[in-house]
Amino acid sequence: MIERRRDSHRNRRIVICEPSKLFAGVLLLVSLSVVGCKRAPLTVAVIPRTSGTALWEPEHAGAAAVARSVGLNLYWNAPMRDDDTQTQISLIEKSVDRGVAGIIVSPIQTLPLRTPIRRVLARDVPVVVIGTELGIPTGPKLGYVLNDEQAGGRIAARRIGLILQGEGKIAIVGIGPELKSNTVRERSFETTLSREFPGIRVVARRLGLASVPQEQHNAEELLAGSESLDAIVALSLASTRGTYYALVEFGKVHSIKVVGFDQDLIPPIRDGGIDSVVVQNTFEMGRIAMELMNHEIHGTSGSAEINVEPVLMTRENVDSAEIRQILNLSWWSPQ
Amino acid sequence: MRSVTRRSIFLALLATASLALFTIGAIKYPSIMHRWPTQRQIVSLEKQDDWQAFGGTWQYADGVMSNNSDERGAKLMTGPEYWSNYSVDADVLLLGQYGDAGLIIRASDEEKGVDAYHGYMAGLRDLDNTLMMGRADYGWREYAAKAVLPRVFAQQWYHLKFLAFDCDFAVSATSQNGETTTIAIRDPDCIKSGRFGLKSYNTGAQWRNVEIQPATQRDLTAMIGNLQPELAVPRQLPTGSEPAPHDRYLEPIERDLQAHRSGVDAQTISSLRLLSPDAPSFVTVQGVVTLTSPMLYIQDSTGGLAIFSSHPHAPLQIGDDIEVRGDVYLHDFSSELRNADIRLLWSHTPVSPVAVAASQAATGAFDAQYVEVQGRLAEKHEDGKGTGILTLEDESQSFIAVVNGLGRSPHLDSLKEKSKLRMRGICVIDSRYTHDLTAFALLLPSSGDIEVLEGPPWWSPAHILELAICILLLSFAGMTGFFFVERWRMQAVLDERQRLAHEMHDTLAQSFAGLGFQLQAICDDVKDGIEIMPQLELAQGMVRNSHEEARRSISALRPEHLESVGLLSTLEECARRMISKSSSVEIETTSKGDIQNIPLRVSDTLLRIGYEAIANSIRHSHCSRLTITVAYGKSTVELIVEDDGMGFVVSSDSAGFGIRGMHKRADNISAHFRIDSVPGQGTMVHVLATLPPSFLRELSHRWLIQLQMRKMHDKRARN
């Protein structure tokens, strides 16, 4: 009788034991899968106006440096041309659909990007806008990292004042109302010039065009005109290059000084073909933008609008440490 | 026995799961089977489906694949992502200057974008006359650049070979004079596998004789000889004193300038329309190439123009700025230039399209111009020469889109009718393309210029049919499931009832029988006339009644008594048992209508109500006649128990426990229950129950028969 009871007791234990083993197995599998499916790092999409250029690759380097240090994944892509607004909007939409944690964007144009960015914000995805204001006020999910266009305009005006010694006639090319930052740049330049150098007269103004050849054509018309010029201020990358080409074609490289904007033409600066260029510190802008994004993602930031001072690149400082840091393209290594 | 069964189940489950995992693995990860190309093979450049374009304007002709666009970073990819050790051979030609072109290997996650992929690229660059190699991870890292001898010329073929073995990479370029330049790189943190493809940057290019083959250590050694692979270290940018590393980004300023000499006597394209139509005028115009095939189109800021050149000229790419001299012929909305002499001014100036509605394009105002139009795809076909013809509709307008060559993103086959598309191309009103069926046609450089905005509407007849079938199947599955669940539940109930019946039979009924015998024995032993005799007889009567009740309950619990056929006879039998031998109550039973199969639940309820009603009549009404009627309708069954007894006043206060029980039972099967009674005129109990649909009753009935047969079989087997 006792034996039977023991047997039955043993049997009962076996019956109880099997589910418990199964349960333990399931628990182990779940634990392993939890360990195996370690949470992937959050991804931030960084979408400049275009990629693979001296102006925008430093932004990649700056943003990547911060992303590595804070454990964020970075998705870097952009339109192949810096006037392809539609592709930039598509990239923003696709990034949101992929579930990125945030978007850092440098709008090609101000107005067409306003609605897409509002839609991104409506989906509670944080955004940092680089380079230009969109007219959407800053908030916990939206910050701006801007090139200090006021300062850029002042720097260019003072450079013109310096090289013309306060006297002369100039033209402004590359005026671009489609980008608010360009307008601010232009206004600041003209205000400073008229206030500080009343002896310098702006005798011609030209609206900016989409491509370098068009800008070149624009500048050629200017040079072929009756008005003699002492200097030309080119407010954009394309207009700077187009103006330089026109000067080469007309053989006036050294007789008409050029002060341009946005880094692109290093060799002509070295040989004096272009006097100077006001360069954007896109490396620093990318770095700050990613820091701001990190705060936005973790909800630790208030509204922010940060201005980054541009730098005047001349023949004298083109190889300086400061300019080398601004032109840093090494996105793959810690800075 | 039980543990053996469990083990078998466990093993079967394990085997099934393993098989499923293996099947999924084999389907999902064929790399388990083939991690490299199985043999040397020539890659077909012609087969459209094998290639996927990311940017560029790709065309195939005479064994040569061309990208006629100078986009920065156009890619054409093919092959599986799991290939690891292989080499690709190809002849490469740069169409223009200031760019690079070559091969990509071990690539994945490709997108449109300058360096938007993960993988390795090697190619020829004419900016610094180098063979270069590097890695892209949505950003470019250049590992090496070595001078090509004598130098890199545009419009000249070079043979490229790019090999990957483990984490070693080798690339060689052989120029037409036989000089070979080789680079070997070791990337310790290498990408292990990926697709291969063609890529150009900032220039158009051509590829031919593309071959792929598996690579081994021996192949690597044969390629690099004693050359030790250099460790992959990105070239540091910029050094400041040496601008060369910046070339890729800054473009060659001085060399670019050499070509920047525009004509000063060029007319605007729109002004050509104002020339005399009497005789062709000789003019010079300047514009950007917007289409190269099937016709050459250029555009300036004022309009577009078709060019017919009789003189040979260098292959042109979309985005090239050219100067053209020739005879102008006027059309209604635009002009065309014949006998044209073309001079390339510079490249890389693509025109952006103007977004217009189909109704605007239909006016002819945008003839020969690069436009973007939206429409819904009505139909599509190919003309047999690789040209796709699409017919689209947008509100009041239909138009035709002619898709040139082998652009592959998205391929025409994947376009579904009624999809909403956005297309970029040259708007023409030429009847050669419109066939005078539509107001205008669009000439698309490639199918990459088609963007699918939204797929066809979901509510197509096929989808609706599929949905209806799905709903039908789901409903059937739901009903079947419900039926089985009900069956299992009912089986459990019946089993339990059977068990209870047995229990009652073995215990309660036996006890009553024993009590009866004992009381009878006492009665037999004691003499008549003693004082306790009446009580003994009363006790005997009570035991007999209780025994009878127990038997009645037992028979009610057995399912074989619950069939509709047995309902009336069971009730009659019950009534007859209740009547004492001395009683003169007459019992009459009637069945009306065709006998139906009644669900167990209903027949059980009717039986119980019937028992209660019969018991009440016999015990309390002092009736002389009891009528039991079961009437079958098409979807109803009715039970009437009627007596001619003393009757009573029907009110809610008068309802005892028995009547309330009958009410409740009737409510449980949603039956209508009524008692009609008048003092001195007898009582009638009436129950009307609704039956479920006949097919369900049939199923239930069959199952009940099966169940009973199985039970009988089990019983026989046990005996």
### Query
acidic (Asp, Glu) and part of a strand (DSSP E or B), is that true of residue B:128?
no
Of those in segment A:295-333 that are away from chain B (no Cβ under 14 Å) and acidic (Asp, Glu), the residue farthest from residue A:131 (Cα to Cα) is A:296
Of (1) out of contact with any Lys or Arg (no Cβ under 7 Å at 6 or more places or on another chain); (2) polar (S, T, N, Q); (3) modelled with pLDDT of 95 or more, residue A:106 fails just (1)
Scanning segment A:207-216 for residues that are modelled with pLDDT under 85 and closer than 19 Å to residue A:156 by Cα gives none
Residue hits (segment B:171-186; crowded, with 20+ Cβ neighbours inside 10 Å and under 12 Å from residue B:143 (Cβ atoms)) are B:171, B:183, B:184, B:185
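Hey, can you tell me all the residues within segment B:107-141 that are of a type outside the set (Gly, Ala, Ser) and touching a helix residue (DSSP H, G or I) at 6+ places or on another chain (Cβ under 7 Å)? If you could, list the steps in order and put the result at the bottom.
Initial filter on segment B:107-141 (of a type outside the set (Gly, Ala, Ser)): B:109-112, B:114-115, B:117-118, B:120-121, B:124-133, B:135, B:137-138, B:140-141.
Answer for segment B:107-141, where residues must be of a type outside the set (Gly, Ala, Ser) and touching a helix residue (DSSP H, G or I) at 6+ places or on another chain (Cβ under 7 Å): B:127, B:128.
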Given the criteria among the basic types (Lys, Arg) and modelled with pLDDT under 85, does residue B:665 qualify? no
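Tell me which residues, restricted to segment A:37-52, are within 11 Å of another protein chain (Cβ to nearest Cβ), within 23 Å of residue A:260 (Cβ to Cβ) and either crowded, with 24+ Cβ neighbours inside 10 Å or at pLDDT 90 or above (or both). Break it down into steps so the answer makes sense when it comes.
Step one: of segment A:37-52, the residues within 11 Å of another protein chain (Cβ to nearest Cβ) are A:45-48, A:50-52.
Those still in the list that are within 23 Å of residue A:260 (Cβ to Cβ) too: A:48, A:50-52.
Within segment A:37-52, A:48, A:50, A:51 meet the criteria.
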Is it the case that segment A:235-253 has a residue that's in contact with a Gly (Cβ under 6 Å, 6 or more places away or on another chain), under 26 Å from residue B:320 (Cβ atoms) and among the acidic types (Asp, Glu)? no
Practice prompt. Would you be able to say whether some residue in segment B:200-217 is more than 14 Å from every other protein chain (Cβ to nearest Cβ), in contact with a Pro (Cβ under 8 Å, 6 or more places away or on another chain) and basic (Lys, Arg)?
Written response: no
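Within the bounds of segment B:271-284, is there any residue that is within 14 Å of chain A (Cβ to nearest Cβ) and either modelled with pLDDT under 85 or crowded, with 16+ Cβ neighbours inside 10 Å (or both)? Before the answer, list the steps.
Filtering segment B:271-284 for residues within 14 Å of chain A (Cβ to nearest Cβ) gives none.
No, segment B:271-284 has no match at all.
Could you tell me whether any residue of segment B:234-241 is modelled with pLDDT under 55, crowded, with 19+ Cβ neighbours inside 10 Å and within 19 Å of residue B:125 (Cβ to Cβ)? Step through it out loud before you land on a result.
Pass one, segment B:234-241, residues modelled with pLDDT under 55: B:237-241.
Next cut, crowded, with 19+ Cβ neighbours inside 10 Å only: B:237-238.
Then drop every residue that is not within 19 Å of residue B:125 (Cβ to Cβ), which leaves B:237-238.
Yes, some residue in segment B:234-241 is modelled with pLDDT under 55, crowded, with 19+ Cβ neighbours inside 10 Å and within 19 Å of residue B:125 (Cβ to Cβ).
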How many residues of segment B:210-232 are exposed (fewer than 15 other Cβ atoms within 10 Å of the Cβ) and either small (Gly, Ala, Ser) or at positive phi (or both)? The answer is 2
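Count, please, the residues in segment B:78-112 that happen to be within 14 Å of chain A (Cβ to nearest Cβ) and part of a strand (DSSP E or B).
Going residue by residue through segment B:78-112, those that are within 14 Å of chain A (Cβ to nearest Cβ) are B:98-100, B:109-112.
Then keep just the ones that are part of a strand (DSSP E or B); that gives B:100.
Result for segment B:78-112: 1.
Kindly provide the set of residues from segment B:113-125 that are aromatic (Phe, Trp, Tyr) and either assigned to a strand (DSSP E or B) or outside the structural domain of residue B:54 (by TED's automatic domain parsing) (or both), ordered by number.
B:120, the sole residue that qualifies.
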For segment B:348-379, the count of residues that are without any contact (Cβ under 8 Å) to a residue 60 or more places away in the chain and in contact with a helix residue (DSSP H, G or I) (Cβ under 8 Å, 6 or more places away or on another chain) equals 1
The residue that is nearest to the other protein chains (Cβ to nearest Cβ), considering only those in segment A:241-294 that are closer than 25 Å to residue A:138 by Cβ and among the polar types (S, T, N, Q), is A:282
For segment A:205-216 the number of residues that are of a type in the set (D, E, K, R) and either more than 18 Å from residue A:169 (Cβ to Cβ) or within 12 Å of chain B (Cβ to nearest Cβ) (or both) is 1
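At pLDDT below 95, closer than 19 Å to residue A:308 by Cα and over 18 Å from the mean Cα position of the chain (by Cα): does that describe residue A:187? Walk me through how you get there before you give the answer.
Working: at pLDDT below 95: yes; closer than 19 Å to residue A:308 by Cα: yes; over 18 Å from the mean Cα position of the chain (by Cα): yes.
Yes.
Conditions tested, residue by residue: (1) in a strand (DSSP E or B); (2) surrounded by fewer than 19 Cβ atoms within 10 Å (Cβ to Cβ); (3) within 14 Å of chain A (Cβ to nearest Cβ).
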{"residue": "B:336", "(1), (2), (3)": "yes, no, no"}
{"residue": "B:340", "(1), (2), (3)": "yes, no, no"}
{"residue": "B:344", "(1), (2), (3)": "yes, yes, yes"}
{"residue": "B:352", "(1), (2), (3)": "no, yes, yes"}
{"residue": "B:367", "(1), (2), (3)": "no, no, no"}
{"residue": "B:371", "(1), (2), (3)": "yes, no, yes"}
{"residue": "B:375", "(1), (2), (3)": "yes, no, no"}
{"residue": "B:379", "(1), (2), (3)": "yes, yes, no"}
Only one of (1) in contact (Cβ under 8 Å) with a residue 40 or more places away in the chain; (2) touching a strand residue (DSSP E or B) at 6+ places or on another chain (Cβ under 9 Å); (3) not assigned by TED's automatic domain parsing to the domain that holds residue A:134 does not apply to residue A:288, and that is (3)
Scanning segment A:217-236 for residues that are within 11 Å of chain B (Cβ to nearest Cβ) and either closer than 17 Å to residue A:53 by Cβ or at pLDDT below 85 (or both) gives A:217
Restricting attention to segment B:120-132, the residues that are surrounded by fewer than 24 Cβ atoms within 10 Å (Cβ to Cβ) and not polar (S, T, N, Q) number exactly 3
Turns out the helices (runs of 4 or more DSSP H) fully within segment B:431-538 with at least 3 residues that are loosely packed, with under 14 Cβ neighbours inside 10 Å and modelled with pLDDT under 85 are B:461-504, B:510-525
Can residue B:475 be described as within 60 Å of the chain's Cα centre (by Cα) and either under 30 Å from residue B:294 (Cβ atoms) or in contact (Cβ under 8 Å) with a residue 40 or more places away in the chain (or both)? no
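The values are calculated or read from the model by the stated rules, or taken from the named source; none is laboratory data. In this text, all values refer to a predicted model and were calculated from it rather than measured experimentally. So basically every Cβ, Gly included, is an ideal-geometry build from the backbone, and we count neighbours across all protein chains shown.
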